[in-house]
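A short worksheet on the structure shown next.
The values are calculated or read from the model by the stated rules, or taken from the named source; none is laboratory data. Being a predicted model, the structure only gives us computed values, none of them experimental. Here the Cβ positions follow ideal geometry from the backbone for every residue, glycine too, while neighbour counts run over all protein chains shown.
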Amino acid sequence: MRRLLLAVGTIGLGVLAASGPAAAGLVGAAEVEHARMNALAGGPTNAYDADLLERYGCYSGTRSAFCQGLAHPRRYYRARRRVHPH
């Protein structure tokens, strides 16, 4: 009986040790919703909220300047035209 309990305990500790680091990087849905609601109210209040909004996006129709910048980034793909003197 003691061997069985020892085996089950060892397996249980192994599973807990393996699942800890995998779950540490996950962001809760409540934190993302909180950042989105802050954006609806006028903008992200801190760098963490800004990072969440960059990663997961804002609500459609959010008019804060930060979310507008995410929706319409300024990208310059074309090179400047060169003017050759004649």
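Taking the criterion of being in a loop (DSSP other than H, G, I, E, B), under 13 Å from Ala41 (Cβ atoms) and touching a residue at least 12 places away in the same chain (Cβ under 8 Å), the residues of region 53-69 that qualify are Cys58, Tyr59, Thr62, Ser64.
The condition of being surrounded by 10 or more Cβ atoms within 10 Å (Cβ to Cβ), among the basic types (Lys, Arg) and modelled with pLDDT under 85 holds for only one of Arg63, Arg78, Arg36, Arg74, that being Arg63.
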